[in-house]
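Read through the structure below, which is laid out as structure tokens, and then see the notes.
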Amino acid sequence: MTKRGAVLENRKKLDASFQVERYRRDFPILSQKVYGKPLAYLDNAATTQKPKSVIDMLNRYYSFENANIHRGIHYLSQQATDAYDEARQTIQKFLNAREAREIIFVRGTTEGINLVAQSYGHTFLKSGDEILITAMEHHSNIVPWQILSDQIGAKLRVAPINDNGELILEEFEKLVNERTKFVAVTHISNALGTMNPVKRLVQMAHQLNIPVLVDGAQAVPHTVVDIQDLGCDFFVFSGHKIFGPTGIGILYGKAELLEKMPPYQGGGDMISSVRFEKTTYNKLPFKFEAGTPHIAGVIGLGAAIEYVNQIGLKNIFEYEQELLHYATSVLMKIPGLRIMGQAREKASIISFVFDDIHAHDIGTILDQQGVAIRAGHHCAMPLMERLGVPATARASFAFYNTKEEVDRLVQAIHAVLEVFG
Amino acid sequence: MISEELRELYQELILEHSKKPRNFRALEPASHTAEGFNPLCGDKIKLYLEVVGDEIKDIGFQGSGCAISKASASMMTTSVKGKTTSEANTLFNEFHKMLAGSSEPYDEGKLGKLSVFSGVSEFPVRVKCATLAWHTLRAGLESDGKVVSTES
């Protein structure tokens, strides 16, 4: 069987119980109209919509359980603390991390990366060391390393990509050397959908004992992530990109690394005792959770992950791959449309351009047809520069999107051509 | 299929200027230059002015951007060329009033062809596309040499 044949064969294994129409009803926002037209929400790489179970959980928390955690000696505080701790375990199992204390609650992917750059990077890297990233990183996996580099005199190295938007593995391998002291790579490119072979990258880095951070913001809503299998040292993602609330995210770190890292911020919850002469820090994970956390967000994220678990990320991946291939084939038929990023391994994200129509004009016209996409540089300006375009239009699909919505995207693009024809 | 609002936004004159921008060139030498940048969408413009006394003798621009920003830059150059700097400032103010959707009425007579951009006010996220060239013009005339950003 050809490789493509095998892929198609594999794709048939999509569970018959996967019913997109049923899932759509779980998301109240999806049934609304914009400009009198049904909403086709294709901007899931920016943020995902929330199922009713998450919205209800937030409502229940504020209606019946709200209290500060790890403090009050009263009923509500215990309820809130239990729910908070339970969510941490849900996330530990979701990532297949060894221990719950390796799961740190942060505001989002960005804060997680900044935490590692400042706490680990500032402590263990020094002048002349190299930090290796890739050409397809989001600004949030570039700028924290630039800030660190400026502070300590380290050097940022960038592994290049090919014209298909794939990381060039040989070049990456060449850049991993004895001066490299940290590697930070994205699992899935937010702008192109490229899926990086992170397990291999981790193996390459680990041969020289270099720790690796994986930016998993775009990975967790699309594909199964097994932290122990990937072998990475840090993994970060945002709750709002996996159907949970905004303002909450996860930093996974290997316990032995987190143990030797200093706190990122000081305040409540991260201490065990404070005297003016000396403060003793709390144990993991609390050492990194200063201040009253986003309790509702944590509980809401727990509910989002339970919702995803019910459908199953394997099913989600198979369904989205079908949708991706369908969308790719129909979009390629549109005259003048170029898809940016044609990696062999891709998640359900499609960036496209026209030579003489700017992405923002596409975005505005699509919006008027009820089709929500993203137009711009996708917080990846260096990547846009590498691709030689100022901006792209990006349609990004979740498991609740349908082929009918892809057809509406295509129709709406024809309206763009009508205006600019 | 195409809504009335979209027709208002992408009027023929705008599409025509975006496809064939006027004064799309660098001036050498130029008495004043300025750069404009919209960090939200990456639109960039570099503006060249040849001001003699009080008169904008010549003007040119280069850059990349959406249809609205390109057409606006093109039509800005044609409408201020040969005008005095204070006349250009008046146009700036009227243009701004038209797009800011302010309660104060704008002077359509003064704006002339530039009123073709009035439809942009229905699209708040696109207002910055239309005003980028004008902000850059103002910066150029003040010639403080800084890059103007629509975010500032």
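Which FRET efficiency, nearest 0.05, do residue A:277 and residue A:70 yield, Cβ-Cβ r, R0 22 Å? Result of the calculation: an efficiency of 0.35. Return a whole-number percent for the relative contact order of chain A, with Cα pairs under 8 Å and 6 or more residues apart as the contact set. Rounded, it is 22 percent for chain A.
In terms of overall dimensions, region B:64-116 has a Cα radius of gyration and Dmax of 11.3, 32 angstrom.
Counting only Cα atoms, the size of region B:1-68 along its three principal axes is 50, 25, 19 Å, in decreasing order. Close amide H pairs (under 5 Å, H built 1.01 Å from N) link residue A:156 with A:131, residues at least 5 positions away or on another chain. In chain A, a dipole from Cβ-located charges (positive for Lys and Arg, negative for Asp and Glu) runs towards its positive end, and of A:389, A:109, A:125 it is A:109 whose Cα lies farthest in that direction.
Working from label points 7 Å from Cα in the Cα-to-Cβ sense, the residue A:256 to residue A:126 distance is 2.2 nm. Counts of other chain beta carbons within 10 angstrom of each beta carbon in peptide A:290-298 average 0.
Amide H contacts of residue A:34 (H built 1.01 Å from N, in plane; Pro and chain starts excluded): A:39 sit under 5 Å, all sequence-distant by 5 or more or on other chains. Note on residue A:37: lysines with a C-alpha under 22 Å away, same-chain residues under 8 apart excluded, are A:50, A:403.
Computed from backbone phi, the HN-Hα couplings of region B:44-56 come to 10, 9, 10, 10, 10, 10, 10, 9, 10, x, 10, 9, 7 Hz, rounded to whole numbers (Karplus: 6.51 cos²θ - 1.76 cosθ + 1.60, θ = phi - 60°; Gly and Pro given as x). For region A:54-310, DSSP calls about 50 percent of its internal beta bridges antiparallel. Dipole of region A:54-310 computed with +1 at Lys/Arg Cβ and -1 at Asp/Glu Cβ about the Cα centre; of A:142, A:217, A:83, farthest Cα towards the positive end is A:83. Taking 7 Å steps out from each Cα toward its Cβ at residue A:89 and residue B:107 produces label points 7.4 nm apart. Pop a pseudo-label 7 angstrom from the Cα along the beta-carbon direction at both residue A:381 and residue A:246 and give the gap in nm to one decimal. It is 2.2 nm. Measuring nothing but how far apart in sequence close Cα pairs (under 8 Å, 6+ apart) lie, relative to its length, region B:4-145 scores a relative contact order of 29 percent. The residue list A:185, A:265, A:340 was ranked by how far each Cα lies along the charge dipole of the protein assembly as shown toward its positive end, using unit charges on Cβ atoms, and A:185 comes out on top. So what is the calculated 222 nm ellipticity per residue for the protein assembly as shown, using -39500 (n - 2.57) for each DSSP H run with n of 4 or more, over all residues, to the nearest 500 deg cm²/dmol? So the helix-based figure for the protein assembly as shown works out to -11500 deg cm²/dmol. What's the whole-number percent of alpha carbon pairs in chain A lying beyond 42 angstrom? It works out to 15 percent of all Cα pairs. Net charge dipole, the protein assembly as shown: roughly 800 debye, given to the nearest 20, about the Cα centre with Cβ charges of +1 for Lys and Arg and -1 for Asp and Glu. Here region A:183-238 is treated as an ellipsoid with the same Cα gyration tensor; its semi-axes, largest first and in whole Å, are 18, 11, 10. Note on chain B: with charges restricted to the Cβ of Lys and Arg (+1) and Asp and Glu (-1), its dipole about the Cα centre is near 440 debye.
Radius of gyration (Cα atoms) of region B:51-152, expressed as a multiple of 2.2 N^0.38 Å: 1.02. Taking Cβ atoms as reference points and 15 Å as the exclusive limit, the residues near residue A:79 contribute a net charge of -2, counting Lys and Arg as +1 and Asp and Glu as -1. On the basis of the beta-carbon distance and an R0 of 22 Å, residue A:146 and residue A:171 show a calculated FRET efficiency of 0.60.
DSSP bridge analysis restricted to the protein assembly as shown gives an antiparallel fraction near 70%, rounded to the nearest 5. With contacts taken as Cα pairs under 8 Å and at least 6 residues apart, region A:287-416 reaches a relative contact order of 25 percent. Database remark: amide H of residue A:400 closer than 5 angstrom to no amide H (H placed geometrically; neighbours at sequence offset of 5 or more, or on other chains; Pro and chain starts carry no H).
Any read-out appearing in this document is the output of simple, stated calculations on the displayed coordinates, not a laboratory observation. Because the structure is predicted, anything quoted here is derived from the model rather than measured. Every residue, glycine as well, gets a Cβ built from its backbone with ideal geometry; the counts of neighbours run over all protein chains shown.
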